[in-house]
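Down below is the structure, laid out as structure tokens.
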Amino acid sequence: MTLSESLDDTDRSILARAWTCVGRVSDVEQPGAWVRARVAGEDILVMRGEDLELRAFYNICRHRGTPLLDGDSGRSARIECPYHGWTYACTGALVVVPGVAEFDRRGFGLRTVRVATWRGFVFVTLESKTPALEGWMGDVPPWLDAVKLAFLKRARRVSYDIAAGWRLVVANFQESHHFPRVHPELEHLTPTTSARSFLRDGSMWLGGEMDIENAETVSLSGRLLGRPLIVSPERAHVVYDALLFPTLLTSLQPDYFLTYRLEPTLAQKTRITAEIFVHPSLKADADLADVFDFWDRVNAQDRAICERQQLGVNSRGFEPGPSTAADEGVRAFERLLQGEVQGGTGAQRSEGGLVGIWGEPYIDLSSFIDTSSFGELDREITRALCRVAPAYTGGTLKWMGVVAPWVVEDGYADAMHVLESLEPRDLAEFISLGDDPGLPLSAPTEKRAFGDETDHPFNYAQMRWLSFRHGVYFPWKVCFHLLENDRWEDKHSGDGKTFSTEAENHMPKTLAFVKSLPFREIGRAVLFGVEPNDHAPAHRDTEPGAALHPAQSISFDPRGDKGLYLMDASGQHKTHITAPVYWFNDADYHGVDPAKRFRYSIRVDGVFHSDFLAKVHAKFNV
């Protein structure tokens, strides 16, 4: 094995910190019973002692480091090294040292590893600082809480190798978007269109459910064939899948429970142990061929497509494309990965309580991007703003529920809150001022949302009416789109978008700078300006933990006086952004302090070039 084939340091670190499932309690019930597994590239032994305690060890001799036991499982009263005969009790204590008369053996027992059990499964972690198993897991999917997992009976266990990295295998499990092409039989029984996600902040579980259609269960026959349910009758028409990060995949069917334990062995090779569990009352000679054969087919299809994908992602020409709504589970997995890369779950938060990026409140990009032209850009931008028609914006933050708690009662009126309270006569007057005056007054509230990135943007007359008549406060009095974007969720896609004619005519140098930024795709470019004595209230655009990773964006402040700040969730710690060009995480509360003069910044959203992202990663030792 070459160094390039082994697991990289990042994967080793992630896998070492996690709790990894290595088998079932039933596999190590008897004294001397043991199971062996690879965890974070390490050879680990879990063994039941004569005192009935369960222990885990590194499977290496303390003498010269020789691996001790071979195979996946077994039972032995003692463990003898095949090299020089050092012998250990099943408690890990060193008991025999051939050829040495006087020797204090107490300090040379097998190196221990933390071990714990949960509902019939055995877990280990190599990290002493990882929280206890159940606390580390977080919220367990409710369907698993409702099943007596410890009492299920194993009906089958098979192991196989797949020539693909463990991350690709997990990502494949996390989405059903591939079902129609890769698993037509599975798509027929559990259509992708019925998929629903289970995502909880602070939980290592990522799951989802799919309705079973045209069948009683998922198998070749689609029939239960007399097998008892392991779920309640009201859950008997749904399949529930769940990943326990990072390497335990589970699938709860009406009459059986599937698990896949992944052992990353090399950077692009994964050992998979697939097991099927059934109701304990099911007879040993029950015919399960229609279940086994079905999953043999599906597993072979997944193996082939993951190996095919691995070949493609190895290409120097590969860059990830934009994700789809069906990739929600993959994005959630990537979010957990990112958190672990940043030092463990929750470690993405920097000191002071900010989410930040890689331990920093924000990233100063001035060492990566030339800002020497900013004086010239400032002159062009301020001149252009005298010629173009900017708009008010930012008037519905309270209604959207994105402002900080201390902003909710600040006394400033919110546009949508005002509109929801208007009498029909006033509402009709407001609508008549708009660009779609025929909008029915009887439309549901959610169909009558007004403002940025809705079907009914405010025009200038409507915003002035709301301000003059009802005291609505619009924080960003000067908003100008260099590249228009209809919806927030589409801000990273440049598909079908072009820079505005006004921007091309009046801000050519600024557009040249924007186009020179290290994006392979730009989905939004907007100037936000705050007039004298105004402010932007503290708000966040994304809930912490809801985004996969910090949104890829670059903001620049040519004049250097914007006054943008980040605030922790308690409202106690304020961090001012002083960099002229920067990347910040909009999962943090952010706002703009009031000042005596007009100021602005331009934010550009898109997808970074991979080499730029790699340079930023390297600077922060990610």
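The values are calculated or read from the model by the stated rules, or taken from the named source; none is laboratory data. Fair warning: this is a prediction, and the values are worked out from it, not measured in the lab. All Cβ positions, glycine included, derive from the backbone under ideal geometry; neighbour counts span all protein chains shown. Quick note on the areas: whole protein, heavy atoms, side chains included, nothing else; ligands and nucleic acids left out. Shrake-Rupley method; radii C 1.70, N 1.55, O 1.52, S 1.80 Å.
Every listed requirement among (1) open to solvent by 10 Å² or more (accessible area, probe 1.4 Å); (2) more than 30 Å from residue 268 (Cβ to Cβ) is met by residue 36 save one, (2). The listed residues are 486, 561, 541, 490, and the only one of them that is touching a residue at least 60 places away in the same chain (Cβ under 8 Å) and either farther than 22 Å from residue 362 by Cβ or surrounded by fewer than 21 Cβ atoms within 10 Å (Cβ to Cβ) (or both) turns out to be 541. Residues that are open to solvent by 20 Å² or more (accessible area, probe 1.4 Å) and in a strand (DSSP E or B) within the stretch 262-290 comprise 263, 265, 266, 269, 271, listed in sequence order. Kindly indicate whether residue 92 is without any contact (Cβ under 8 Å) to a residue 12 or more places away in the chain, small (Gly, Ala, Ser) and in a loop (DSSP other than H, G, I, E, B). In short, no. Scan the stretch 496-525 for residues that are assigned to a loop (DSSP other than H, G, I, E, B), under 29 Å from the mean Cα position of the chain (by Cα) and in contact (Cβ under 8 Å) with a residue 12 or more places away in the chain and jot them down. Scanning the stretch 496-525 gives 497, 517, 518.
Annotation: of all residues in the stretch 68-82 being part of a strand (DSSP E or B) and farther than 26 Å from residue 268 by Cα, the one that is most open to solvent (accessible area, probe 1.4 Å) is 75. Scanning the stretch 510-521 turns up one or more residues that are at pLDDT below 95 and open to solvent by 20 Å² or more (accessible area, probe 1.4 Å). Residues of the stretch 99-121 that are hydrophobic (A, V, I, L, M, F, W, C), open to solvent by less than 70 Å² (accessible area, probe 1.4 Å) and in a loop (DSSP other than H, G, I, E, B): 100, 110.
For the stretch 148-161, the count of residues that are within 27 Å of residue 314 (Cβ to Cβ), modelled with pLDDT of 95 or more, assigned to a loop (DSSP other than H, G, I, E, B) and small (Gly, Ala, Ser) is zero. Can you say whether residue 226 is modelled with pLDDT under 95 and surrounded by 15 or more Cβ atoms within 10 Å (Cβ to Cβ), as far as the supplied structure shows? Against the criterion (modelled with pLDDT under 95 and surrounded by 15 or more Cβ atoms within 10 Å (Cβ to Cβ)), residue 226 does not qualify. Quick check, is residue 596 over 27 Å from residue 203 (Cα atoms) and open to solvent by 60 Å² or more (accessible area, probe 1.4 Å)? When the stated conditions are applied, residue 596 passes them. Applying the condition of being modelled with pLDDT under 80, under 26 Å from residue 586 (Cβ atoms) and not hydroxyl-bearing (Ser, Thr, Tyr) to the stretch 401-456 and asking which residue is surrounded by the fewest Cβ atoms within 10 Å (Cβ to Cβ) yields 446.
Somewhere in the stretch 179-190, is a residue open to solvent by 50 Å² or more (accessible area, probe 1.4 Å), without any contact (Cβ under 8 Å) to a residue 60 or more places away in the chain and polar (S, T, N, Q)? No, the stretch 179-190 contains no residue that is open to solvent by 50 Å² or more (accessible area, probe 1.4 Å), without any contact (Cβ under 8 Å) to a residue 60 or more places away in the chain and polar (S, T, N, Q). Filtering 65, 85 for residues that are in a loop (DSSP other than H, G, I, E, B), over 17 Å from residue 122 (Cβ atoms), open to solvent by 20 Å² or more (accessible area, probe 1.4 Å) and of a type in the set (Gly, Ala, Ser) leaves a single hit, 65. Pairs linking a residue in the stretch 122-147 that is modelled with pLDDT of 90 or more and surrounded by fewer than 18 Cβ atoms within 10 Å (Cβ to Cβ) to a residue that is in a helix (DSSP H, G or I) and among the aliphatic types (A, V, I, L, M), with Cβ atoms under 7 Å and 6 or more positions apart or on different chains, are 127/16. Considering each residue of the stretch 237-247 in turn, at least one proves to be without any contact (Cβ under 8 Å) to a residue 60 or more places away in the chain and open to solvent by 60 Å² or more (accessible area, probe 1.4 Å). So which residues in the stretch 378-398 are outside any loop (DSSP other than H, G, I, E, B), polar (S, T, N, Q) and out of contact with any strand residue (DSSP E or B) (no Cβ under 7 Å at 6 or more places or on another chain), if there are any at all? Correct list: 382 only.
Of the residues 307, 351, 328, the single one that is modelled with pLDDT under 85 and either of a type in the set (Val, Ile, Thr) or within 26 Å of residue 9 (Cα to Cα) (or both) is 351. Taking the criterion of being more than 28 Å from the chain's Cα centre (by Cα) and free of Cβ contacts under 8 Å to residues at least 60 places away in the same chain, the only residue of the stretch 579-622 that qualifies is 593. The residues of the stretch 45-62 that are open to solvent by 10 Å² or more (accessible area, probe 1.4 Å), out of contact with any helix residue (DSSP H, G or I) (no Cβ under 7 Å at 6 or more places or on another chain) and not in a loop (DSSP other than H, G, I, E, B), listed by number, are 55, 58, 60. On inspection, residue 574 passes the criterion of being within 28 Å of residue 412 (Cα to Cα) and open to solvent by 40 Å² or more (accessible area, probe 1.4 Å). Scanning the stretch 3-26 finds one or more residues that are surrounded by fewer than 21 Cβ atoms within 10 Å (Cβ to Cβ), at pLDDT below 95, of a type in the set (Asp, Glu) and part of a helix (DSSP H, G or I).
Inclusion of residue 251 among residues that are in contact (Cβ under 8 Å) with a residue 60 or more places away in the chain and open to solvent by less than 50 Å² (accessible area, probe 1.4 Å) is not warranted. Just name the residue that is surrounded by the fewest Cβ atoms within 10 Å (Cβ to Cβ) out of those in the stretch 378-400 that are modelled with pLDDT of 90 or more and among the hydrophobic types (A, V, I, L, M, F, W, C). If we take residues in the stretch 378-400 being modelled with pLDDT of 90 or more and among the hydrophobic types (A, V, I, L, M, F, W, C), then 386 is surrounded by the fewest Cβ atoms within 10 Å (Cβ to Cβ). Of everything in the stretch 198-223 that is assigned to a strand (DSSP E or B) and open to solvent by 30 Å² or more (accessible area, probe 1.4 Å), the residue that is modelled with the lowest pLDDT is 199. On the stretch given as the stretch 192-233, residues that are over 26 Å from residue 139 (Cβ atoms) and in contact with a helix residue (DSSP H, G or I) (Cβ under 9 Å, 6 or more places away or on another chain) total 11.
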